[in-house]
Each structure stands twice: as C-alpha cells, then as structure tokens.
Amino acid sequence: MPAECLYALLTDSIDYAGMFPPCSLDLERAFMNQAQYVRSQDAWMLGAFVLSVGQFSAAKQILSQFDPQHSLRVSALGPKTDNAAAFREALAETNAAIQSFSAHNVDLISINQLEMFLPRDVDLALLKEARSIIGNLPAFWEASADKAEQTIGLLAEHNSDADVATFGFKLRTGGVTADAFPTSMQIAKALVAPATHQVPIKFTAGLHHPIRQFRDEVKAKMHGFLNVLGSAVLAAEHKWDEKQTAAMLEDEDPKSFLFDDKFFAWREWKINIKRLKDRRKFVTSFGSCSFDEPRQDLRALNLL
C-alpha cells in the first residue's frame, strides 16, 4: 500500500475520461478499460467514468462488462451552451437523460455527478433554477479561467442559501495544445477562492503526470496533479495567498513532496492526515483520458 497520506490525497481522485482527447477512444474500448480498472489493485484511485449524455443510449447496449460488485459510476457530462435560455433547455434535457439512464439498470449504473459549462450570462437566479431542475444531484459548473473567481463567488452565494447538496466549480487545467493550459497564477487564483468560500472544486484535462514538467507533445509545461491537488489542500489549510499557491504549482522537483503515514508535506509546509481528509471534501477529483500514465509515473517516483 502507498503511504497513508498519498492514499488520502488520491482516493477516488481520477475520473476516467478515455473518450476525450488526446486518447479519444471509442465507447466500447473505453468501457473495456474501465471494467479492467475497477478490478485492478489501483481501483482505490479511480473515480467516476466521464460520459457525455449524448452517449447514454449507446452505453445502455454494452454494460455486460460490469456487475453489481464492479458497477459503472458515471460523471454525466452535459452540453455546452452559449446563453442562459439555451442552458435551461439543455439542462432539462440532460436531467431527463440522467433519470432515464439511472433507471435502466440500478445494479450496474450510478450517476455520481453532473459536469456542465455555465454560460457567460449566468446569475444567481439561473443557479437556483438549475438546482430546482436537477434536485440533489451534485454538480460541477465549468467556466473559463478568467471567469473563475467571479463564478466561484456566485457559487458560494448560491451555496450559502442552499439546504441541499452544494454546487462545485470545475477548472480546466490543460488540453492538447500549449494555449489550452492556464498559467500557474490563474490556477492559483481559482484555488484560493474556493478555499476561502469552501466551494468544492474538480479539475479536467492536462493532469496526466504527478509533477509539473515540460512535455514535447504539447510544447508546454503540463501542470502536475500532485502540485494541483496538494496546493489546493495546503492553500486551504494554511490560508495561502495566490503567490504562495503559484509557487507550489510551479515546483518541478519531486523531492519537494513528502508523503508518510501521518503527514503530507511540500517543503516546510505540512498537513496531517486527518486535516487532509477533511480538505479533500472540497478538492474532489481530476478528469484524465489516461488512468495508466498517472500510475506509471507514481511508480517511477517510488510512491506506489
């Protein structure tokens, strides 16, 4: 087993998104992978399977690889819309698709959460309407990095009046080209704001590797998932500002990160395992088209 603090930081942390770039697998191949992963020794790291609502009908036909002990946990991905009116319509259709898919085979399928892009004209009234449509289903709403702080503030305002499950924020941390990667300071701002407001946050894209590093395939430095998840919990624990958070995001030295059974540490900053587990409630997961690369890199660093 890995060190207890690494286990706490990475449990259920990787939402498998094999059908999305750069892997871009077809549904059947991605399902085959997921069925293997849920039975692997590393299944503790595996979160939900990211599945577009447009693929629900096709998915119903090929569920034979799953069973009640190894079921399909889904993060439903809704469509992107340009304005509030289109968002309302798309969300209603998405919710109907989720209800139908969930009822198809309750022993094999569970919908863990919804992910969907918010239109730029979102306001508090639209968020309240969204909650009335999807009920208690957890949701992570994506916005561009330049709108992160504003969107997180709006989500926090909504959550302060909510009696049911809170809304979270989804941050895109990369892509297949250099211009898809936000700067460390942009990510830092998006991490400090949720820590202040206690808004859950998840990440997507570009986090295949544990530690920040230059990758020739994208001609850019890719953010590391240990940098991102680690700085999120430490920023919340120690009330870091954006500059301090960005410093951890930019660290490319694996020796700066220490995991044992009592503490997770980055340089001189520590968090004990109990506090780490508490902070993880607000730092949920990251979507990755590969479940293999993260594990291979962790083993290369002798962390697994």
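The values are calculated or read from the model by the stated rules, or taken from the named source; none is laboratory data. Remember, it's a predicted structure, so these values are computed and weren't measured experimentally. All Cβ positions, even for glycine, are placed from backbone atoms using ideal geometry, and neighbour counts span all protein chains on display. Heads up: the accessible areas ignore ligands, DNA and RNA and are worked out on the full protein's heavy atoms, side chains in. Shrake-Rupley method; radii C 1.70, N 1.55, O 1.52, S 1.80 Å.
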Among (1) over 24 Å from T177 (Cβ atoms); (2) charged (D, E, K, R); (3) open to solvent by less than 20 Å² (accessible area, probe 1.4 Å), D253 falls short only on (3)
Restricted to the stretch 272-302 and to residues being in contact with a His (Cβ under 8 Å, 6 or more places away or on another chain) and assigned to a helix (DSSP H, G or I), the residue surrounded by the fewest Cβ atoms within 10 Å (Cβ to Cβ) is E293
Counting only residues in the stretch 24-62 that are at pLDDT 95 or above and part of a loop (DSSP other than H, G, I, E, B), the one surrounded by the most Cβ atoms within 10 Å (Cβ to Cβ) is identified as V38
Those residues of the stretch 7-22 which are in contact with a helix residue (DSSP H, G or I) (Cβ under 8 Å, 6 or more places away or on another chain) and either open to solvent by 30 Å² or more (accessible area, probe 1.4 Å) or part of a helix (DSSP H, G or I) (or both) amount to Y7, A8, L9, L10, T11, D12, M19
Matching residues in the stretch 263-290 (at negative phi and in contact with a helix residue (DSSP H, G or I) (Cβ under 8 Å, 6 or more places away or on another chain)) number 15
The residue that is modelled with the lowest pLDDT, considering only those in the stretch 183-207 that are within 23 Å of D253 (Cβ to Cβ) and open to solvent by 20 Å² or more (accessible area, probe 1.4 Å), is V192
F101 vs (1) of a type in the set (A, V, I, L, M, F, W, C); (2) surrounded by fewer than 20 Cβ atoms within 10 Å (Cβ to Cβ); (3) out of contact with any Gly (no Cβ under 7 Å at 6 or more places or on another chain): all pass except (2)
Requested in this report: Answer yes or no as to whether Q65 is free of Cβ contacts under 8 Å to residues at least 40 places away in the same chain, open to solvent by 10 Å² or more (accessible area, probe 1.4 Å) and within 30 Å of K277 (Cβ to Cβ).
Outcome: no
Of the residues in the stretch 175-207, those that are out of contact with any strand residue (DSSP E or B) (no Cβ under 6 Å at 6 or more places or on another chain) and either under 22 Å from L234 (Cα atoms) or among the β-branched types (V, I, T) (or both) number 17
Check: Out of curiosity, is K274 within 17 Å of E4 (Cα to Cα) and at pLDDT 95 or above?
Finding: yes
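A quick yes/no check of all residues on (1) closer than 21 Å to T284 by Cα; (2) open to solvent by 20 Å² or more (accessible area, probe 1.4 Å):
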{"site": "E93", "(1), (2)": "no, yes"}
{"site": "A96", "(1), (2)": "no, yes"}
{"site": "V106", "(1), (2)": "no, yes"}
{"site": "I111", "(1), (2)": "yes, yes"}
{"site": "E115", "(1), (2)": "yes, no"}
{"site": "L118", "(1), (2)": "yes, no"}
{"site": "D121", "(1), (2)": "no, yes"}
{"site": "L126", "(1), (2)": "no, no"}
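What number of residues within the stretch 261-271 are more than 15 Å from L229 (Cβ to Cβ) and either at pLDDT below 95 or surrounded by 15 or more Cβ atoms within 10 Å (Cβ to Cβ) (or both)? It would help to see each step written out before you state the result.
The first filter runs over the stretch 261-271 and keeps only residues more than 15 Å from L229 (Cβ to Cβ), leaving 261-263, 267-268, 270.
From the residues that got through so far, the ones that are either at pLDDT below 95 or surrounded by 15 or more Cβ atoms within 10 Å (Cβ to Cβ) (or both) too are 263, 270.
So the answer is 2.
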Across (1) over 28 Å from S132 (Cα atoms); (2) in a loop (DSSP other than H, G, I, E, B); (3) within 18 Å of the chain's Cα centre (by Cα), E217 clears everything bar (3)
